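Just below is one structure, and these are the notes that go with it.
Read the figures in this text as sums done on the coordinates, not as results from a lab. Being a predicted model, the structure only gives us computed values, none of them experimental. Methodologically, a virtual Cβ is constructed for each residue, glycine included, from the backbone with ideal geometry; neighbour enumeration extends over all protein chains shown.
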Amino acid sequence: MDADLHPFSTLSPARVVAAIESLGFWLPGEPFALNSYENRVYLVHDDERRRWVAKFYRPERWSDARIQEEHDFLAELAAEEVAVAAPWCDEAGHSLHRAEGFRFALFPQLPGQAPELANPAHLFALGELIGSVHAVGERKPFRHRGAMDMDGMVLDARERVLAGPWLGRLQRQAYERVTTALHEALVAYRWDPEQAIRVHGDCHIGNILGRDEYFALVDFDDCLMAPAVQDLWMLITAQAPEERHMQLSEVIEGYEQHREFDRRELALAEPLRTLRLLRHSAWLVSRWEDPAFPVAFPWLADAGYWDGHIRTLEQQRQALERAPRWLA
């Protein structure tokens with residue numbers, strides 16, 4: 001697709017300001033684009049010196065019902081004093097707004113920095129935060145957001161990559177071979193649907209902000225039904241067994257201030273890491289027509305990237321065959 005025809009190509013700063021001011025705000029300055037690619041996200045401040053994060057949703061990605069369910073979950077969490085940013089609502093109670101073909105929402109800006117995953121106090125606080133989210137998340141299911149499906153997500157990611165011109169002949173053969181093996185390995189990891197609860201879904205440190213031992217969780221754009229460990233495994237980054245044990249212990253101890261954690265779910269951590277690796281490359285491929293992606297990720301078109309990706313997938317295949325290091 002021609003870059004000029006991409007919907008986000010028409011989202012100029014003037015249109016961003018006009019959309020927000022149509023809600024009754026007055027913005028004395030220009031919007032500042034934040035580091036976001038799936039949607040377009042801007043930091044703005046109004047004439048009362050309040051700072052807002054304006055999220056303009058990618059057209060045709062989520063239905064209105066799915067976006068509204070994200071907003072409703074955030075409002076439910078905020079009502080329980082969980083540290084999240086709930087969307088602003090107009091006088092009619094609407095949190096999802098429209099302007100010139102775009103859907104957008106306003107969130108109060110939450111200041112702070114990413115946590116330090118080597119700091120035990122930070123890890124305990126993160127466990128507390130996620131446990132408080134899940135204590136609310138387990139009360140009822142999502143109706144529209146969908147559920148994590150290991151089988152379907154692996155096949156979808158594989159097909160997206162193979163459908164494009166990204167791989168050379170030998171790379172394609174290697175990718176087909178390793179992803180077939182990974183699919184066979186990953187579908188063996190199943191969970192009872194009753195284990196799935198409402199989770200954040202993309203709980204990496206870039207979506208956690210705070211200072212000292214107080215943190216807040218932002219960007220629920222990928223929230224879905226999944227096992228609780230989906231929101232925990234990305235916090236465990238250590239390679240040495242002693243450090244990994246410390247991280248796990250602190251996170252789980254904090255988590256269980258609000259909700260019991262089923263340790264059997266730790267067996268899903270490595271499979272979930274593998275799934276994320278597969279889906280990340282497929283996401284980049286599927287968004288390449290967005291003019292922001294070739295600029296931000298030019299290495300995707302290099303053969304060297306795909307050689308490295310295939311090697312990483314092979315390493316993950318071997319990791320899945322070994323005894324689960326997460327349970328050590």
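General remarks:
- Evaluated with a Cβ-only charge set (Lys, Arg +1; Asp, Glu -1), the chain carries a dipole of roughly 900 debye about its Cα centre, given to the nearest 20.
- Whether the chain is rounded, prolate or oblate, judged on the alpha carbon gyration tensor where a/c under 1.5 counts as rounded: oblate
- Anisotropy class assigned to region 44-86 is oblate, per the alpha carbon gyration tensor with a/c at or over the 1.5 cut-off and a/b no larger than b/c.
- For region 3-108: rounded, prolate or oblate by the Cα gyration tensor [a/c cutoff 1.5]: oblate
- Ranking 195, 165, 133 by how far each Cα lies toward the positive end of the dipole of the chain (charges on Cβ) leaves 165 at the top.
- Counting only DSSP H runs of at least 4 residues, each contributing -39500 (n - 2.57), and dividing by the residue count of the chain, the helix-based mean residue ellipticity at 222 nm comes to -13000 deg cm²/dmol.
- Distance in nm between pseudo-label sites at residue 246 and residue 162 (7 Å out along the Cβ direction from Cα): 4.4
- Between the listed residues 293, 20, 208, the Cα displaced farthest toward the positive end of the dipole of the chain, a dipole computed from Cβ unit charges relative to the Cα centre, is found at 293.
- Charge dipole (debye, nearest 20) of region 3-108; +1 at Cβ of Lys and Arg, -1 at Cβ of Asp and Glu: 400
- Sequence ranges 128-138, 154-164, ranked by mean other-Cβ count within 10 angstrom, highest first: 128-138, 154-164
- Over region 28-71, Cα pairs under 8 Å with separation of 6+ residues give a relative contact order of 28 percent.
- Computed about the Cα centre, the dipole magnitude for region 249-328 is approximately 200 debye when only Lys and Arg (+1) and Asp and Glu (-1) carry charge, each at its Cβ.
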